[in-house]
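The values are calculated or read from the model by the stated rules, or taken from the named source; none is laboratory data. All values derive from a computational prediction rather than experimental measurement. Neighbour counts run over all protein chains shown; Cβ positions are idealised from the backbone, glycine included. Just so you know, the surface numbers come from the protein's heavy atoms only, side chains and all, with ligands and any DNA or RNA stripped out. Shrake-Rupley method; radii C 1.70, N 1.55, O 1.52, S 1.80 Å.
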Amino acid sequence: MNKATRILLALGLILAVATPALAEFKLNGYYRLMGYSGEVRSGGSLTGDSRADFSSAQTGQQEEDGNSRTLIDQRLRLKATYSLNDNVAIVYFAEIDSMWGNSTGTGTGGQLGADSVNVETKNAYLDLKSGDTTAQIGIIGLADVYEGMVFNHDMAGINLNHKLGATNLNVIYSKFYEGDTRYYDDTDLYGVAVSQKVSDAFKVGGSVYFLDINAVDRLASTPNVENYQSQLFDTDYAALGTDDWSAEMFYYGLNADAKFDIFGLSGFAVYQDLSVDYDNGPTAPANESADGKAWMASVKGAAKLDNGDVGLRFIYVSENEDKETDSNDGADQWYGNFGQYEFANENLMQFLVDKFVCNYGKERYAFNDAVYNGFGLMALVASGNHKLPSDMYVNWGAGYFRAVTDDVYKDAVGNVDDVEGKTLGWEAAVRVGKKYFEKVDVSLNLSYADYGNFYDKSVDGNDAGTDTGGATDDDPDATYKAYLMVNVPF
């Protein structure tokens, strides 16, 4: 054994002795590159004050043809887990976005030169395990069991799980916002969920989530928080300041999952109870409180095939029922979807969330246009995932979307239709891919969406945009979305 070998061996032994017993370092994540070509539905986002005329709530492109978009999107996520022993681990999850040609972070990022300070912290937490109990404490990712209809987001908090035989208990806490430290004006989420494995073929569960909103101005003004907040109340309430109003929101949910040989049936229902209080200040509205009720449900049937699976899902979200009451305060509709990542596994890309979205943006037309404006939603979505020879695969989705109502709010002279009809439209999407070197997943992703009478007379049919008064007298054209993706999970 030569001298160099002996030195290297000695150094290895020293490092081995110095390393804590059972310590383990693990790195996982993914690299993703997506080259896009697509169109955004004409009319821009319809999310806004539903009380206004439908067309006046729109922003952006008003002609029939939607805005076209082309870009190259790149994302690298690195999740480092350092296990100190069988009970304790430290986790750090980083993200680096570099859209080609765009500046990101501090520096040029994806532009010429590329140098940039652009590392983002997605998660950073302490991971604890002891027998049948686990806990994550810190900046963590939390998701409900309702396909993200309440929350599916990164947040500061605690996630505690305890398994007792066939029963699992989950307790969560998260602080969304820290208000002024002089007052009790924070926004906090509390939750308790129980699941029971009745048999290998049948599971049931239930949960209660409580969102205590004492910093409503923060919740309503943060751009990357969900779009629903701008419709939460009448515009008269918008002038209220930091300490002028607060809200309490409860979500009560039930879910079940059953399997019959190759067939499976799963579903859930969630009831939302909202209560809002206003201080009697100079800008207080005539009504000192508002109460809102809403609910949603979904059920999916699925079948396993020799080469994959197929499924059919139904989605229902209740309408805003204020048109049937005298209060007309806008509170009787669904508010939630923290994270804007619901029903991502249905293989659609425009009416629902694209599972692989990075920086391109989330169209989510079914929610942004219908649910958040109080029209409610009914949807039927079919999907399939199939393995093909030579490490190839095809995933597909097809969905039909419809509003529950076309008439949301009571008008001073009687009810008026806010939209021309209830049919939002349909979408068909397909993903065809192949794996190279066992790890490199290359796929072509295509989506086509057509729009129904819900959008009639919502855009300016004059290509030059010179109609008198900017008349919205035409319908948006169908849109497409296509991208070539290289995805390397590890």
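With a Förster radius of 51 Å applied to the C-beta separation of residue 204 and residue 69, the computed FRET efficiency comes to 0.70. Placing pseudo-labels 7 Å out from each Cα toward the beta carbon at residue 175 and residue 261 gives an inter-label distance of 5.5 nm.
What the Cβ-Cβ distance of residue 435 and residue 291 gives, at R0 = 35 Å and to the nearest 0.05, is a FRET efficiency of 0.10.
Once all protein chains are placed together, residue 248 keeps about 90 Å² accessible to a 1.4 angstrom probe. Annotation note: chymotrypsin sites (Phe, Trp or Tyr not before Pro) in segment 128-186 located in DSSP loop regions with a Cβ neighbour count of at most 16 within 10 Å are 183, 184. Size estimate for segment 70-160 follows the Kirkwood approach: the inverse of mean 1/r over distinct Cα pairs works out to 15.2 Å. Just the protein heavy atoms count here, and of the accessible area of segment 83-187 at 1.4 Å, carbon and sulfur take up 58 percent.
In this structure segment 293-403 gives 33 Å² per residue of accessible area when probed at 1.4 Å with all protein chains present. Residues 145, 299, 419 ordered from highest to lowest accessible area at a 1.4 Å probe: 145, 299, 419. If the segment from residue 477 to residue 192 were pulled out straight at 0.36 nm per residue, it would be longer than the present Cα-Cα gap by 98.1 nm.
Placing a label point 7 Å from the Cα of residue 26 along the Cα-to-Cβ direction, the residues of segment 474-490 whose backbone N falls under 18 Å from that point are 489-490.
Spin-label model, residue 303 to residue 428: label points 7 Å out along the Cα-to-beta-carbon direction sit 2.1 nm apart.
Derived scalar couplings between HN and Hα for segment 78-87 equal 10, 10, 9, 10, 10, 8, 6, 6, 5, 10 Hz in order, rounded to whole Hz, by the Karplus curve 6.51 cos²θ - 1.76 cosθ + 1.60 (θ = phi - 60°), x for Gly and Pro.
Evaluate the relative contact order of segment 340-396 (contact order divided by residue number), counting alpha-carbon pairs under 8 angstrom at least 6 apart; express in whole percent. Averaging sequence separation for qualifying contacts and normalising by length gives 24 percent for segment 340-396. Once fully extended, how much extra length lies between residue 248 and residue 120, figured as 0.36 nm per residue of separation less the alpha-carbon to alpha-carbon distance? Length gained, residue 248 through residue 120: 42.9 nm.
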